[in-house]
Ligand code: HEM
């Protein structure tokens, strides 16, 4: 007892000293309501954790990686002759995997870390979509987020070429052909991506984009994203109440939990768990490097991108889907997500109030998963229109029916609960027009409302 008292007092004293000398309360992010101590509220912060790991591991990889297509003179650290024709980019990757101490762990965790960051970003995106966090006043947070998503996928695309394997080279070329078909932007992008038209020119551009240009863009957008988050405060739980206040005021902030040290350590705890898991998985399943570009002994390498682009890759396999059509559909999708806050105009954020938009998101999610699996199973195999209709048609239909049933059931239950309270809603039973000025907080805002 005596010891634990002394221990707590000492910790408090040290923390008080650090707080005083750094004035961290002034520059830390705003306090957050108690109910945010759940992982679901910090999905974006988990993406930041993943991004930070990528920056640190990528900086270490840069110590060894050589962005050159010229044949190496060092034979990748192997007996001379073994890989003497292999390009230096591939050889330096081989060297990291086989000769640098912990190099395999470093490179594998950077690769799996990229998958994890993209996966966590999709979780963050769909959580925001389903819970309607893009609604006023968070429209710009959402739009900046969509740009972050494009840049993050751009990091994956440009990084894929760097090990300079025949597999990554083929897939990058398919991606570039698609990108060049983008209306208006495509022809402008051409000279920028292809440089002088040589293989070295392309590798240099991809390298520059991967280690400098896109990370700078990501950092700038992330700053804007977090500044917007700071200005609005965290989105409260989804609700059917259109009058619920969507911003916290200074008075409410005073009763919230300070960001430093509580929220910071909460996020750091998850960050450490992430790094531990990532390193564990990378150590158990190290990545093995496919063969290099131009290896004549390795004919018939399949052209396949990483999993997050497989859906688009499979889409091009559909009969009658030309690259122009595929890129057109992708552009429409991006525009849809970008302007979603202005398409879904209702003020209610609860999924039960937005059946159409929930149906669209669920259908897209299913389409994405199905196409990814399909792309992985049958890369490059052409698919006839009838098979596409037979596979996707029932999927979208069943999703529509399921969403309609949920809508019908929960809406009825909700209306019944309101009726029991005597509150008319939408001409049947509605929430009071002048809502009581209840402060937004854990106890006041219930996700079931
Ligand atoms: C590199 C990718 C991204 C990073 C690093 C990131 C980071 C963050 C962070 C740290 C927050 C603060 C709250 C939280 O942790 O959830 C946040 C909130 C938010 N993000 Fe992202 N984000 C990314 C991508 C996206 C995308 C793709 C979207 C949607 C298109 C999006 C939309 C939002 C919105 C609307 C909020 C406010 C949510 C709230 O207040 O609960 N973000 N993001």
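The values are calculated or read from the model by the stated rules, or taken from the named source; none is laboratory data. Not measured: the values here are computed from a predicted model. Don't worry about glycine lacking a Cβ; one is built from the backbone with ideal geometry, like all the others, and counts go over all protein chains shown.
Observations on the model:
- The combined condition, being within 16 Å of the ligand (Cβ to nearest atom) and either modelled with pLDDT under 95 or within 19 Å of residue 209 (Cβ to Cβ) (or both), is not fulfilled by residue 77.
- Cβ-Cβ under 9 Å pairs, at least 6 apart or on other chains, segment 394-411 side assigned by TED's automatic domain parsing to the domain that holds residue 351 and farther than 12 Å from residue 352 by Cα, far side modelled with pLDDT of 95 or more and not in a helix (DSSP H, G or I): none
- Within segment 30-52, one or more residues are within 16 Å of the ligand (Cβ to nearest atom) and without any contact (Cβ under 8 Å) to a residue 60 or more places away in the chain.
- Residues being in contact (Cβ under 8 Å) with a residue 24 or more places away in the chain and over 15 Å from residue 313 (Cα atoms) - total across segment 361-393: 9
- Residue check for residue 387: within 23 Å of residue 360 (Cβ to Cβ) and either modelled with pLDDT of 60 or more or not in a loop (DSSP other than H, G, I, E, B) (or both): no
- Subset of segment 284-303 (residues that are touching a helix residue (DSSP H, G or I) at 6+ places or on another chain (Cβ under 6 Å) and within 10 Å of residue 105 (Cα to Cα)): 286, 287
Residues are listed down the side, and each one gets a yes or a no for (1) within 21 Å of residue 237 (Cβ to Cβ); (2) within 16 Å of the ligand (Cβ to nearest atom):
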residue	(1), (2)
339	no, yes
353	yes, no
359	no, no
365	no, yes
376	no, no
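- Total residues in segment 370-384 satisfying the condition of being surrounded by 12 or more Cβ atoms within 10 Å (Cβ to Cβ) and in a helix (DSSP H, G or I): the figure is 7.
- If you filter segment 125-178 down to residues that are in a loop (DSSP other than H, G, I, E, B) and within 22 Å of residue 88 (Cβ to Cβ), you find that the one that is nearest to the ligand (Cβ to nearest atom) is 162.
- Qualifying residue in segment 229-236 (condition: in contact with a strand residue (DSSP E or B) (Cβ under 9 Å, 6 or more places away or on another chain) and within 10 Å of the ligand (Cβ to nearest atom)): yes
- For segment 321-343, filtering for residues that are closer than 20 Å to residue 368 by Cβ and not in a helix (DSSP H, G or I) leaves 2.
- Meets criteria (touching a strand residue (DSSP E or B) at 6+ places or on another chain (Cβ under 9 Å), assigned to a loop (DSSP other than H, G, I, E, B) and touching a residue at least 12 places away in the same chain (Cβ under 8 Å)) for residue 83: yes
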